[in-house]
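The values are calculated or read from the model by the stated rules, or taken from the named source; none is laboratory data. Because the structure is a prediction, the values reported are computed rather than measured. Using ideal geometry, Cβ is built from the backbone for each residue, glycine included, and neighbour counts are taken over all protein chains shown. All accessible areas refer to the heavy atoms of the entire protein, side chains included, with ligands and DNA or RNA removed. Shrake-Rupley method; radii C 1.70, N 1.55, O 1.52, S 1.80 Å.
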Amino acid sequence: MNRFKPFVVALIAGLLPFAPLFLNTYQVDVLNSIGLYALLALSLNLILGEAGLFNMGHAAFYAMGAYAAAILNTRYQIPILWTLPLSGLVAGLFALAVARPVVHLRGDYLLIVTIGVGEIVRIALVNDVFGITGGANGIFGISRPRLFGWVIRRPEEFFYLIWGFVALTIFLFLRLKQSRFGRAINYLREDEVAAEGSGINTDYYKLAAFGLGAAWAGMAGTLFAAKMTIISPESFSFWESVVLFMIVILGGAGSIPGVLLAAALVVGLPELFREFAGARMLVFGLVMMVMMVIRPQGLLPARGRRFSLAASLGKTGR
Amino acid sequence: MEEFLQQLTNGLAVGGIYALIALGYTMVYGVLKLINFAHGDLFTYGAYLGLTLLTSLALTDRVGFALGVLVLVLMVMGLVAVLGAMLERAAYRPLRESPRLSAVVSALGASIFLQNTLMLIYGARVQVYPDDILPAATLDLFGLYLPLMRVLIVLASVAMMVALYLFIQKTKIGTAIRAAAIDQGAARLMGIDVNRVILLVFLLGPALGGAAGLMVGLYYGQVNFTMGWVYGMKAFTAAILGGIGNIPGAMVGGLLLGVIEALGAAYVSIAWKDAIAFCVLILILIVRPTGLLGERVADKI
């Protein structure tokens, strides 16, 4: 199985760019949704999967990014793609401010606090906080993104924007995983006390993971706002956070291929079985319960780091 | 003053309901160190089962209002208790030795599953309790006119809490529950069947939660299938407010949260009513994570 894995990955990665040529508009749109969820789940994976911080309010950061982009675009006429870094920054800073006092809390307490934060943000959006979020109706009339003078309008065009961003995210997150930062947050997930004992500043790394994951969710929010041109608080409900949480856990916490696969399954399968749409969440709930008994590590669990002995011996010249 | 007292009694009624749900959270947390996310949905089952039994059996017509409601409460409590025991068997027992995250995810899955089963059976629309069965009487209390149902709910929830407290404190089985909450291993060495204690906790908690669900149905007259998680979150807040794992704490926390929320909705802003509880939750976790009545426990390393 493992021998074939690189080929499978290469095949999918090679075929994906040509998908819009063979699929109809609806199917491409489903792929776009999968891409957005994959982005969000990858950003949550950094917090939940890599750093082991139970975050079930991810929709709040997603909403922050989407609303920041929408407000900047509709009020100040800033082109939507230019708001990407700014909305990422807004979501990231918000996450830091929220997480700072609670990040030391034990697992399930953190889970409850993040649910609370998600709800407070949603209620604030519904109540038209500061008079800029448009209340329950949300914000509409967000302009189409423009890339080098090309207006992105059709799903086929969004496909390349979204999946391009996904590809960039995968590349960056893979690099991050290999870095000192990635090793540190993995360490504190496995054993926080030992990590602290080895001189890792646990609060710093937890906050960094939180901020970075949230910032990435904020940028995904910008893409979402650009794609929909209308955003409203309903899109950022508690269930959105639950679905993202589920994608990360089902795919395999800390495993990028697992998260991508789970995003495709969780978003794609309900589209295939539309006639059973009512039972969708029921099946999800059942799958979550069964998976935890038979395969708690997820569909494609993360593999441990491997370092080749020969290579490291060769490096030191012995 | 009139307005204030109305809001205060309303807060006590809602708080009593929160307290009853919170007891289920706190007992399970005490023994298993697990947040039973599906507990809020068991509460919803209480409300729906109560509605079905109320309309299909027409108990209040046959045996009179007081006895009818009493029988109804007992039936709902029994049925939801059985559901709770089944939930423990299916979703939590297989994961007793697993890491925390697995149990949390399973609990969430169970919550989603229970909620959507209810939706598929009853439909997604709000269900209305029949208003002709229940007397809309008011009670004159020193010039303050209170709805009878509100008074009954406060009395019933306090009675249940007192009964539970006495059961936990004074009986041998209650002592076993407390012992299992403090140290499962030692309790087992003292000859306590911890599995039975856990089963008992999963019968008692859901029974109280189911009764709370029925009360919400009778008090507000309508129920919907997603209400479990809002009430569940608030009750969990109440449990943390009082100190999780602490039974009197859950009672105090529930009543306090109900009053804070009712007064906040009346005097601050009704639109932010649901956010008040979450703000309380975050504040308490920052300022005093052990809750009002909880004792400080050193983290084991």
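A compact table of results
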item	result
Delta accessible area of at least 50 Å² on complex formation, residues of the stretch A:290-309, 1.4 Å probe, chain isolated as reference	A:MET292
Relative contact order computed over chain A (Cα-Cα under 8 Å; 6+ residues apart), in percent	31
Spread of Cα-to-Cα distances over 10 Å intervals beginning at zero, given as percent, for the protein assembly as shown	3, 15, 25, 25, 18, 9, 3, 1, 0, 0
Packing-based order for B:237-244, B:263-270, B:48-55, B:76-83, using average beta carbon neighbours within 10 Å, highest first	B:237-244, B:76-83, B:48-55, B:263-270
For the protein assembly as shown, calculated [θ]222 nm from helices alone, where every DSSP H run of n ≥ 4 adds -39500 (n - 2.57)	-23500 deg cm²/dmol
Minimum 50 Å² accessible area buried by the other protein chains, the stretch B:274-295 residues, probe 1.4 Å, relative to alone	B:PHE278, B:ILE282, B:LEU285, B:ILE286
Added length on full extension, which subtracts the Cα-Cα distance from 0.36 nm per residue, B:ALA137 to B:LYS172	8.4 nm
Under-5 Å amide H pairs with A:LEU147, H placed in peptide plane, nonlocal only	A:ILE152
Probe 1.4 Å, accessible area per residue of the stretch B:2-287, Å²	40
Solvent-accessible area buried by A and B, counting both chains, probe 1.4 angstrom, square angstrom	3600
By average C-beta atoms within 10 angstrom, highest first, the peptides B:116-124, A:162-170, B:11-19	B:11-19, A:162-170, B:116-124
Once exposed loop GluC sites (Glu not before Pro) are cut out (DSSP; at most 15 other Cβ, 10 Å), longest piece of chain B	B:98-294
10 Å Cβ neighbours from other chains, averaged over peptide A:168-181	0
Per-residue HN-Hα couplings for the stretch A:50-61 [Karplus 6.51, -1.76, 1.60; θ = phi - 60°; Hz; x = Gly/Pro]	7, 9, x, 9, 6, 10, 10, x, 4, 4, 5, 6
Surface share of carbon and sulfur [accessible, 1.4 angstrom probe, percent] for the stretch A:28-248	63
Residues listed by number, the stretch B:81-115, amide nitrogen under 19 Å from A:PHE273 label point at 7 Å toward C-beta	B:109-115
Inter-label distance for B:MET1 and A:ARG303, nm, one decimal - labels placed 7 Å from Cα along Cα-to-Cβ	7.7
³J(HN,Hα), Karplus 6.51/-1.76/1.60, whole Hz, each residue of the stretch A:183-196, x for Gly, Pro	5, 5, 5, 5, 4, 6, 5, 6, 7, 5, 5, 5, 5, 5
Distance from the stretch B:31-96 to the stretch B:212-261 (C-alpha centre basis), Å	16
Segments A:93-102, A:203-212, B:176-185, A:115-124 sorted - mean Cβ within 10 Å per residue, highest first	A:115-124, A:203-212, A:93-102, B:176-185
Shielding score for B:165-174, defined as the mean number of other chain Cβ atoms within 10 Å	0
Distance (nanometres) between label positions extended 7 Å along Cα→Cβ at A:GLN178 and B:ILE270	6.0
Kirkwood-Stokes translational diffusion coefficient of the stretch A:28-248, alpha-carbon pairs, 10 °C, 1.306 mPa s, µm²/s	91
Distribution of pairwise C-alpha distances over chain B, 10 Å bins, in %	6, 28, 36, 22, 7, 1, 0
Partner chain coverage, peptide A:276-289 - average Cβ within 10 angstrom	6
B:THR138 long-range amide H proximity, modeled H, under 5 Å	B:LEU148
Per residue value of the accessible surface for the stretch A:222-269 (all protein chains in place, 1.4 Å probe), Å²	24
Calculated from backbone phi, Karplus (6.51, -1.76, 1.60) coupling profile of the stretch A:221-235 in Hz, x at Gly/Pro	x, 4, 4, 4, 4, 5, 6, 7, 6, 10, 10, 9, x, 4, 5
